[in-house]
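J.: One structure coming up, written as structure tokens, with questions to follow.
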Amino acid sequence: MISWILFAIFGTWVLINRFSEGGKIEDQPLGMPRGTVRALITIMLVSFPFWYIIIGGEIPGLIVNVIFIVVAFYFEARRGEHEKLKEIIDEIKTSDLHVEDIIKEKKPLYLPKYSVRFLLVVMLVIVQIMIFLQPSFSFLVTNTLTDLLLIIVLFIIGAFFRSVLRSRERKKTREKIANMDASLSDVQIIEKLMLEEPDWWKRTGKNVLSITMLIIVIIALLCYTYKWDYTIFTIPGLQYSLTIVGALLLFVNVYYGFRD
């Protein structure tokens, strides 16, 4: 319940800012600051156990494991848009340009820098305090090691596809720079590259991917809320079962690996 309240609050805040003057961010998923969808997903997952603690129910083991990994990845992987500029600068072999002066970046959820990280830490601390004050509280037992292995493998798969795409982008960047007028200055080269019209993937693909992943998380958490699920397969020797909801949540890790 609390996760849905937070989703409604932040979702409304994001929409208000997104459709306000100057709120649209060009070349970013859904026209919102980079990382906004991941921030919403992470906040929903981290806040989801609150309701279980309040009603005295068992938190699903996969939820706990996904929270652990997603938060770790979120803190490690949050990087700014200026990385694209750094890659371009590396290609033209210059070091006297200041990326921060070239581009100003809005932060996820249209909030100040580090706001989402601070909120995540606060929520995790509150969860721990609530668990401490309720000694009878319990977690649903699962094969944690198998879950973690699946999560990491799926993240690596997403990261692999990201690496392939970035390698292709770097190759294209080198080719574009090589074909540019030699009389252009370094700053002019950067400006031309940054002002280029994005291709279909950047204009549409990221939007579709972001919306799809947000819908997947919402469906998975709704299924947990209303206690609906179906077992896809079971491995008796490992005491491990993969359900439809579990598969949806695990797929989030492919997204995290791919997007960052």
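J.: Only one of these is of a type in the set (Val, Ile, Thr) and more than 22 Å from Ile41 (Cβ to Cβ): Thr225, Thr234. Name it.
T.: Exactly one residue qualifies, and that residue is Thr234.
J.: Mind telling me which of the residues Glu191, Glu197, Glu105, Glu175 ends up being of a type outside the set (Ser, Thr, Tyr), part of a helix (DSSP H, G or I) and at pLDDT below 75?
T.: Glu191
J.: Can you find a residue in segment 8-29 that is surrounded by 18 or more Cβ atoms within 10 Å (Cβ to Cβ) and on the phi > 0 side of the Ramachandran plot?
T.: No, there is no match, as no residue in segment 8-29 is surrounded by 18 or more Cβ atoms within 10 Å (Cβ to Cβ) and on the phi > 0 side of the Ramachandran plot.
J.: Would it be correct to say that Ile151 is crowded, with 17+ Cβ neighbours inside 10 Å, more than 26 Å from the chain's Cα centre (by Cα) and touching a residue at least 12 places away in the same chain (Cβ under 8 Å)?
T.: no
J.: Count, please, the residues in segment 16-48 that happen to be touching a residue at least 24 places away in the same chain (Cβ under 8 Å) and more than 19 Å from the chain's Cα centre (by Cα).
T.: So the answer is 2.
J.: Which condition from (1) modelled with pLDDT of 85 or more; (2) surrounded by fewer than 13 Cβ atoms within 10 Å (Cβ to Cβ) is the one that Asp181 breaks?
T.: (1)
J.: Looking at segment 127-137, can you tell me whether even one residue there is modelled with pLDDT of 75 or more, part of a helix (DSSP H, G or I), more than 24 Å from the chain's Cα centre (by Cα) and surrounded by 12 or more Cβ atoms within 10 Å (Cβ to Cβ)?
T.: yes
J.: Tell me yes or no: at least one residue of segment 26-33 is farther than 30 Å from Met194 by Cα, part of a helix (DSSP H, G or I) and of a type outside the set (Ser, Thr, Tyr).
T.: No: segment 26-33 contains no residue that is farther than 30 Å from Met194 by Cα, part of a helix (DSSP H, G or I) and of a type outside the set (Ser, Thr, Tyr).
J.: Does Leu221 fit the bill of being in contact (Cβ under 8 Å) with a residue 40 or more places away in the chain, assigned to a helix (DSSP H, G or I), within 17 Å of Thr146 (Cβ to Cβ) and not small (Gly, Ala, Ser)?
T.: When the stated conditions are applied, Leu221 does not pass them.
The values are calculated or read from the model by the stated rules, or taken from the named source; none is laboratory data. The shown structure was predicted, so the numbers you read here are calculated from the model rather than taken from an experiment. Neighbour counts are summed over all protein chains in view; Cβ atoms, including those assigned to glycine, are modelled from backbone coordinates with ideal geometry.
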